[in-house]
Structure formats: C-alpha cells, structure tokens
2 protein chains.
Amino acid sequence: MMLPMARAATTSDVFNAIAEPQRREILVLLRTGERPVTELAQELGMTQPGASKHLRVLREVGLVRDRRAGKQRLYGLDARGLRPIHEWTGGFERFWNESFDRLDAYVQDLKQARQEE
Amino acid sequence: MMLPMARAATTSDVFNAIAEPQRREILVLLRTGERPVTELAQELGMTQPGASKHLRVLREVGLVRDRRAGKQRLYGLDARGLRPIHEWTGGFERFWNESFDRLDAYVQDLKQARQEE
DNA sequence: TTGACGCATGCCTATATCGGCATATGATGC
DNA sequence: GCATCATATGCCGATATAGGCATGCGTCAA
C-alpha cells in the first residue's frame, strides 16, 4: 500500500523563510536595529501574534536572534544565513549577463530580418 | 462577516520559485545547457509530470524559457530573474560580516571572563 | 501576591502546493 | 488520417502554512 507522498518538508530552510514577503520586510526593518515584537508589528502593520509567528520561523532558521531586555524581548538580525543564498544566486551571475547578450542578439536579428523583408 | 484571510498569494514570485529544492536543482542543471523535459527528469530522478510542473512554475516567473525543437521542447535558463535576489541578499552583506565580528568579540569576552575567574 | 504588560501558542478556517497517476494535447512521420 | 513519441494537465490525497482570535505564560512593579 503506497501512501501518496506530499509536499517535501521545506520548513526550516532559509530559502523558504525568505519566500514570505512579510518576513523579508521584518529582516529589512531589523537592519536599523533591534526591536521588540510589538514595535515591529506596529511599524509593519501586522498583528502581534502574526509578527511573533514570522519571527519564530526566522529564528528557527537562524536569521534573527532574541535577547531578553527587562519585560521585553528584543529581536535582532543575524544575516549570516543569507550569505549562502547570495552565493547561490551569484553562481548565475555569468548567465544573467549572457542572457542579456543573447536577448540583445535576438532583437538585433529581428530588426535585421525586418529590414530584409 | 469577516472571512479568515489565508496564506498570501506568493505564487508567481521568484523567491517562492527557488524555495523548492528540486527547482533549484533544475536551474543548476540548466546552466550546462538546454534540455528537453524527459532528459531533465531522468537526470534529476524525478517523474516527467513532476518535472513539467516545476518547469511551469519556473517559466511563469521567467527563470526558464522554452523553445520547440522538432518533436521536443527545449528548456533553457534565463537567470535574469535571480539578479534581484542576489541584490536583495547583497543588501545584508555588511550585516553578516558585522555578525561575525560580534560573535568573535563575544567569544573573546567569554575567554577573558574565564581567565579572570 | 497580584495586577498589568509583553509575547508566545493553540485552535480553526481557507488555501496553496507537492507527488503520484492517468489522460489529454501536440507535433511528427508514414 | 493514424500511430507514436514528447509534454502538459487534471484529479486526488496529504500536508504545510498564513491569518484571525482568544488565551496561556513569564516578568516586573507595587
């Protein structure tokens, strides 16, 4: 009896964590410094539980760290996890330039063909 | 009557497209050249429909292009869409270095504190 | 100890996929 | 047209979230 294999467990990986727009906003905001959840939620127009949940995901993949500060809990950026992604995409740098060239060549070909009609 | 708002529509955005490990494998493989779906599926150990579906997502966000070649359909890389991601993560470069420094300083502090015990 | 405050969690609903499978669609050659 | 090969799609089952809301839990101050 073969059970249908469902979606792969992509949770807890950095690519997945930054696939969410709001989580990216959080990371960007945290570049300007540590913040408690409530302030963060307010600045980004999300509910406190919503912000907490996103922060949890970010913390689980190591993109943010938290430390207690009195009654509050301050969240801060730990961007090291973004480096692998930067490098992975960087592995295509040669190709996106190449793509431009090819597209350009293609466009030139079209123009050429037109004039010869 | 307030309907619960579900998951945001993140479909059709590049961040989401590359969040899937198999799709990343496809992109990496395509760096070595165009390929028909079947060959691609075979090389990556996935089913043909599976490969087709992933390619569809990649095509919808513009990361691959296809062109007909006789009976086959060749898929090729169009890496330009990866550039924004490279740049977005690059915006954190300063911070991941800084993080390293801080971590290092933290470790030094610990060592210092130990010796002074 | 008891509020009050700040934040994390649990529960629920709606949805978005992923994978497997069968099958429709398309193009080719006879 | 028809058989055949190459791909794309549809359907289904199982899961993974995202958001809203209410509530639990921990910390601090009086």
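The values are calculated or read from the model by the stated rules, or taken from the named source; none is laboratory data. Nothing here was measured: the structure is a model prediction, and the numbers come from that model. Using ideal geometry, Cβ is built from the backbone for each residue, glycine included, and neighbour counts are taken over all protein chains shown. Only protein heavy atoms, including side chains, enter the accessible area calculation; ligands, DNA and RNA are left aside. Shrake-Rupley method; radii C 1.70, N 1.55, O 1.52, S 1.80 Å.
Below are the figures for this structure:
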{"read-out": "Checklist (1) out of contact with any Ser or Thr (no Cβ under 8 Å at 6 or more places or on another chain); (2) surrounded by 14 or more Cβ atoms within 10 Å (Cβ to Cβ) applied to B:Leu77, failing item", "value": "(1)"}
{"read-out": "Filter pass, A:Arg68 being exposed (fewer than 13 other Cβ atoms within 10 Å of the Cβ) and either without any contact (Cβ under 8 Å) to a residue 40 or more places away in the chain or within 14 Å of chain B (Cβ to nearest Cβ) (or both)", "value": "yes"}
{"read-out": "Odd one out for A:Glu87, checked against (1) in contact (Cβ under 8 Å) with a residue 40 or more places away in the chain; (2) open to solvent by 20 Å² or more (accessible area, probe 1.4 Å)", "value": "(1)"}
{"read-out": "Any hit, the stretch A:7-16, residues being within 14 Å of DNA strand C (Cβ to nearest atom), in a helix (DSSP H, G or I), more than 9 Å from every other protein chain (Cβ to nearest Cβ) and at pLDDT 95 or above", "value": "no"}
{"read-out": "Single condition A:Glu39 does not satisfy, out of (1) open to solvent by 30 Å² or more (accessible area, probe 1.4 Å); (2) at pLDDT below 95; (3) within 9 Å of DNA strand C (Cβ to nearest atom)", "value": "(2)"}
{"read-out": "Residue, farthest from DNA strand C (Cβ to nearest atom), within the stretch B:54-81, restricted to residues that are of a type in the set (Lys, Arg) and under 16 Å from the mean Cα position of the chain (by Cα)", "value": "B:Arg80"}
{"read-out": "Among (1) within 24 Å of B:Ile18 (Cβ to Cβ); (2) modelled with pLDDT under 95 - the single one A:Met2 does not satisfy", "value": "(1)"}
{"read-out": "Odd one out for B:Leu27 among (1) surrounded by 15 or more Cβ atoms within 10 Å (Cβ to Cβ); (2) in contact (Cβ under 8 Å) with a residue 60 or more places away in the chain", "value": "(2)"}
{"read-out": "Single unsatisfied condition, A:Gly50 versus (1) over 16 Å from B:Trp88 (Cβ atoms); (2) more than 10 Å from DNA strand D (Cβ to nearest atom)", "value": "(2)"}
{"read-out": "Qualifying positions in the stretch B:39-63 - of a type in the set (Asp, Glu) and closer than 21 Å to B:Val14 by Cα", "value": "B:Glu60"}
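Yes/no matrix, rows are residues, columns are (1) away from chain A (no Cβ under 12 Å); (2) at pLDDT below 95; (3) not in a helix (DSSP H, G or I):
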site	(1), (2), (3)
B:Gln22	no, no, no
B:Glu25	no, no, no
B:Pro49	yes, no, no
B:Ser52	yes, no, no
B:Leu55	yes, no, no
B:Phe95	no, yes, no
B:Leu103	no, yes, no
B:Tyr106	no, yes, no
B:Leu110	yes, yes, no
